[in-house]
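The values are calculated or read from the model by the stated rules, or taken from the named source; none is laboratory data. None of these values were measured; they are calculated from a predicted model. We place every Cβ from the backbone using ideal geometry, glycine too, and count neighbours over all the protein chains shown. We work out accessible area using only protein heavy atoms, side chains counted, and drop any ligands, DNA or RNA first. Shrake-Rupley method; radii C 1.70, N 1.55, O 1.52, S 1.80 Å.
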Amino acid sequence: QGQGLEDLPRSGRPPVTTPNQDRYIRLQHARRRFTPATVTARNTVGTHNRRISPQTVRRRLAATRMFARRPYKGPILTRRHRQNRLAWANNHRGWGRQQWRQVFFTDESKFNLSFADGNKRVYRRGGERFAQCCVLEHNRWGGGGLMVWAGISADQKTPLHVVRGRLNGIAYRDTILAPLVVPFMTQHGLRLFQQDNARPHVARVSTDFLRQQHVNALPWPSLSPDLNPIEHLWAELGRRVRSRAVQPATLAQLEVAMVQEWQAIPQYIVRRYVYSMGRRCQAVIRAQGGHNRY
């Protein structure tokens, strides 16, 4: 009988790091999550005084399912912020849908005319990287933008309001609270008015006006955009504007596109976000007042 042609077992290339070094690499990245693999590789000497590569570091981390990903960007939360957020969530975690239906959620947001979209891809052939049809052009300064305001409840949403000029306490009272907030809440029987703690919102002229109009404001913890369901609608609005076949080229076109796309958002999407308030409270509680998936 002749010998088979199968490969015999081989020792393979010896690892460039020892098991102790592997544990050290994983421990260092577990303690300092933003350390680049290039820095760890530069500071680590492998076996036989060999330099290790950043890819070696990435492989050691991948063995424990630790991969480089884009970080979540959130506001700076101090201990006091976390305590206030946790207390608010505990106070409202028992609210049901009927209670959240009585809340009028509001917010402002800024949308730029031009922006860099890191998620967009282009189909091109070799050598076409710099072809005009394959270049995603954008104004590095944003090209100007619009500040918009809107309000939502489980059953209705306001039209999109474009904020003209500087928004201080007086302008907020005269252009938003008086003509938009009070009539909307009266017409639809809403009992609680939600706004964040931006300066125009907490200015004396604004709070005095709400008190005079007998509008009940929902106490709101600072730095808590994750608790406001309208934030997800801003993201939805941005996606809808970016997905238009013809992109706005001027601020006037951007305004028209935003007003149209806001109006086109179905109410069932708005309701779904409003009814997520219970889950948002639970997420804040699980995070002890810290950042969460919302």
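At a glance:
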| read-out | value |
| --- | --- |
| Additional length obtainable on full extension of the chain from Val246 to Trp95, 0.36 nm per residue less Cα span | 50.0 nm |
| Over the stretch 179-294, relative contact order from alpha-carbon pairs under 8 Å, at least 6 apart, % | 22 |
| Cβ-Cβ FRET estimate between Ala264 and Val135, R0 fixed at 45 Å, reported to 0.05 | 0.90 |
| Cut-off 15 Å between beta-carbons: net charge of the residues surrounding Ala257, Lys and Arg +1, Asp and Glu -1 | +1 |
| Computed over the chain: relative contact order in percent, which uses C-alpha pairs under 8 Å that are six or more apart | 22 |
| Residue-normalised accessible area of the chain, given per residue in Å² at a 1.4 Å probe | 65 |
| Between the stretch 86-110 and the stretch 173-221, the Cα center-to-center distance that results, in Å | 15 |
| Within the accessible area of the chain (1.4 Å probe), percent carbon and sulfur | 51 |
| Dipole magnitude of the chain about its Cα centre (Cβ charges: Lys, Arg +1; Asp, Glu -1), debye to nearest 20 | 1400 |
| Segment Val205-Phe34, extension gain: residue separation times 0.36 nm, minus the distance between their alpha carbons | 57.1 nm |
| Mean residue ellipticity (222 nm) of the chain, computed from DSSP H runs ≥ 4 via -39,500 (n - 2.57), nearest 500 | -11000 deg cm²/dmol |
| Hypothetical label at Tyr72: residues of the stretch 276-294 whose amide nitrogen lies under 13 Å (7 Å Cα-Cβ projection) | 280-294 |
| Computed FRET value (nearest 0.05) for Asn168 with Leu27, which takes r as the C-beta separation and R₀ as 41 Å | 0.20 |
| Spin-label pair Gln253/Ile285, simplified geometry with 7 Å Cα→Cβ offset, distance in nm | 4.9 |
